[in-house]
Amino acid sequence: MTVKDSKTRTKGNARTQSVEEWFSHTSLSFSPAELIDALEDMQNKLSGADLPARDRTFWETHSGISATQKDVARSSANSTAARVLTDATSHSATDVADRLGLSPSTVRHYRAERKLYSYLVNGRLVFPDWQFTPAGKATPRLDVVLRALPEDLHPQAVAGFFLTPQPDLQLDGEPVTVKVWLEAGGSAEPVVNMAAALAAGY
């Protein structure tokens, strides 16, 4: 297996290297063997499965590509890699409690009220890092936006919603992500409208 190194990629000259080489200069909390295990687990769950009608419609409406098996497979490879990285940089309820100065039970209560976002990884509740500011606090108005999103939206789709630059959210004339917009003090209203539109089509 090979990967493209974004740090050394230049136009017309992309450096291809092995997973082992990539891991040798990348600081991650999981090993190559654990990555392979995660990929195999996801492949076993996904191989040969057709998208349900609702998910196929959602895919074609919001992904920009058709939901053919080949297109889904190509996108799944990117999505799986992103999911593994997201899982690796997520935090436990205890970690979040320490970060926010709360008790673990309060953190779990916040999760139930959708004030914080979490999902299960191998039966363990984790809180992805993208919902926290560089100062370690929860992203402003996170709860308002989370409550507008479909509750059963896939974790990678939720991450994509917060981390993909949006044409309707601009700072200094440039599209920014929901996360950057909210952390810069932007109004939650356009984000909630986007989330509501997403929920209506899901």
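The values are calculated or read from the model by the stated rules, or taken from the named source; none is laboratory data. None of the values given here were measured: they were computed from a predicted structure. Glycine also receives a Cβ, built like all others from the backbone with ideal geometry; neighbour counts cover every protein chain displayed. Protein only, heavy atoms only, side chains kept; ligands, DNA and RNA dropped before computing areas. Shrake-Rupley method; radii C 1.70, N 1.55, O 1.52, S 1.80 Å.
Listing for the model above:
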| quantity | calculated |
| --- | --- |
| All strands (runs of 3 or more DSSP E) inside segment 120-202 with 1 or more residues being over 21 Å from Val96 (Cβ atoms) and open to solvent by 40 Å² or more (accessible area, probe 1.4 Å) | 166-171, 174-176 |
| Of the criteria (1) of a type in the set (A, V, I, L, M); (2) at pLDDT 65 or above; (3) touching a Phe, Trp or Tyr at 6+ places or on another chain (Cβ under 6 Å), which one Ala67 fails | (2) |
| Residue that is most open to solvent (accessible area, probe 1.4 Å) [pool: residues in segment 96-108 that are more than 22 Å from the chain's Cα centre (by Cα) and of a type outside the set (A, V, I, L, M)] | Asp98 |
